[in-house]
1. Report, for B:GLN261, each distance to the same residue's label point in the other copies, shortest first and in nm; define the point 7 Å along Cα→Cβ.
2. If you put a point 7 Å past Cα along the Cβ direction, how far is that point for B:ASP296 from the same point in each other copy, in nm, smallest first?
3. By the scheme Lys and Arg +1, Asp and Glu -1, what is the net charge of all other residues having a beta-carbon under 11 Å from that of A:GLU204?
4. Just the Cα atoms of the protein assembly as shown, one point each, no solvent: what log10 I(q)/I(0) does Debye give at q = 0.07 Å⁻¹?
5. Taking a probe of 1.4 angstrom, what is the accessible area of B:VAL47 in Å², to the nearest 10?
6. Grab every C-alpha pair in the range B:29-125, bin the distances at 5 angstrom width from 0 up to the longest one, and report whole percents.
7. State the antiparallel share, in %, of DSSP beta bridges confined to chain B, rounding to the nearest 5.
8. How many percent of the accessible area of the range B:7-184 is carbon or sulfur, using a 1.4 Å probe?
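The values are calculated or read from the model by the stated rules, or taken from the named source; none is laboratory data. All values reported here derive from a predicted model rather than from experimental measurement. Because the Cβ atoms are built from the backbone with ideal geometry, glycine has one as well, and the counts that use them run over all protein chains shown. Keep in mind that these areas ignore ligands, DNA and RNA; they rest on the heavy atoms of the full protein, side chains included. Shrake-Rupley method; radii C 1.70, N 1.55, O 1.52, S 1.80 Å.
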There are 2 protein chains.
Amino acid sequence: MSRYQDVNAVKSIGIVGTGTIGASWAAYFLAQGFKVKAWDPANTWKVKLENFIESAWTDLEKLGVPEIATPSNLTLCDELGSVTEGVDFIQENAPEQLGVKQKLFRELDKTAPTSVIISSSTSGLMMSEMQENIENAERFVVGHPFNPPHLIPLVEVVGGELTAAEVVEWTIDFYNLIGKHAIKINKEVPGHLANRLQAALWREAVLAVQNGLASVEDVNAAVAQGPGLRWALMGPHMIMNLAGGKGGLEQMLSHFAPGIQGWWQTMMETPNMDQKLQKVLVDGINKEAGNKTIDDLEKERDTRLIKLLRMLQETK
Amino acid sequence: MSRYQDVNAVKSIGIVGTGTIGASWAAYFLAQGFKVKAWDPANTWKVKLENFIESAWTDLEKLGVPEIATPSNLTLCDELGSVTEGVDFIQENAPEQLGVKQKLFRELDKTAPTSVIISSSTSGLMMSEMQENIENAERFVVGHPFNPPHLIPLVEVVGGELTAAEVVEWTIDFYNLIGKHAIKINKEVPGHLANRLQAALWREAVLAVQNGLASVEDVNAAVAQGPGLRWALMGPHMIMNLAGGKGGLEQMLSHFAPGIQGWWQTMMETPNMDQKLQKVLVDGINKEAGNKTIDDLEKERDTRLIKLLRMLQETK
């Protein structure tokens, strides 16, 4: 019999670290009807977290919140020891520093019952390094969300060398059960998968500016007015499946793969991110943004993102 | 005074080649209220074109068609010589073969008045090579749409060595005037810009499968359930501008650029597209598609694409 309870039995979740990612996770778990206990070592975290949840709740309601869910299911803990008490799952969101995470993991491992799975939001660190010298290392796993976690469905799940296979499966099942789209990453690599895909695109986008191919604004449009519209609807391999006519991906590969391999050979450069290039990028963005502040742009993005997510739900 | 008429004066457009891209352009121009003359050397092109326009018209109406627009503004021409007669602009959509395009360009140049700008939909050929040895080479330009052109706003405009600068500007202005989002590509490179960005992402997506990082289906989800949702709303540089907190792109670059440069160093591989890898990709797509045919998937994509475009229009 498994040491871990059924994913359906989870009622209460611990949030360790309530910065941008942790606060967003807290709002999401509350909106799915869970009890949430939170803790953070910062001074003013409590009021910041409550304000964030209040503001995110309006957005979450537009996507559908069950009646039993309420922000008042949140408990603010004064110490790390109490956040692990009585919870069925822990989501860790500490700063991206190996030493900080290692120390925190050791403390969590001492206080949380061994039946509780602990998932780390890390975007850049390796679980194998973070879980070294921990007694119950097998229950630590990476569950990397995509910003903002309360809106974007993707969660990348990857285990370290010492993580139990059943913990990886449990964590995928749990996220999927509560409305996320969890995927399994089979190897530990820098940036997991989605951030690598994003970095690959951004590299070519930076090179286009560095090499004078197009302006910053036009490079943005080359995505958002073109292929970006399809990436919201399907992934890169499925797009190629529909680029081959009625013969699908097989036909596409036989017609176009040699040509694209030729392009790849011309795409082996890495940008030189010196001060001059950084200035060109920043000036280009400021020109495109015009009078809009970062707050304006964020609000515009989230308004549209919620409408997009609703449309995708409704047409499923 | 310019040899070319004002972009506002264009009333009639010639479509040369009515395959997938040409037919889609014809539908779009008709839906913007233009008269369209079309010609194709194939046998059954007339009925195919009329069927396509009838089917596309329903979609175009959902995005807004002015009252004066009607599919009956289409004239089917029996020879190339008549498609160039009395039109104010020509969109060329012949097969992607240099010899075919060169021959066609020479014929078009002989019959079309020199005041008519001729824009090529080529996705892969260089205008400088296509316009060689043509008397009025300066009025030939690339206007590369993104499939399907009647729905996707992006058009990439790039001139060859002999293209007049004012022709490039005219063509950008014209596409923008009629509801497209035209961008200027300053150099001739394989794949222009958007297809290069797409190829850069796909390379990493293929490598993720080749290297066993994730399944085909999970790689698709890593885009469509994650960063792809944002790429429909804004381009890669603007996304980075919102990844830096209130300090914008400048702060993002100083915090994250060194880390991402490290990832780029681990992303210098090019997939080996052998039969084995192609089979893994095709099997993965077939598994994900399940019972859905290519027609089903296309219909699903276009239904959602139209809803997405409407949402973006309404929130502009």
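1. Going from nearest to farthest copy, the values are 3.3 nm.
2. 4.6
3. Value of the local net charge: +1.
4. Taken in order of the listed q values, log10 I(q)/I(0) reads -0.48.
5. 80
6. 2, 12, 20, 22, 21, 14, 7, 2, 0
7. 20
8. With neighbouring chains kept in place, the figure for the range B:7-184 is 50 percent.
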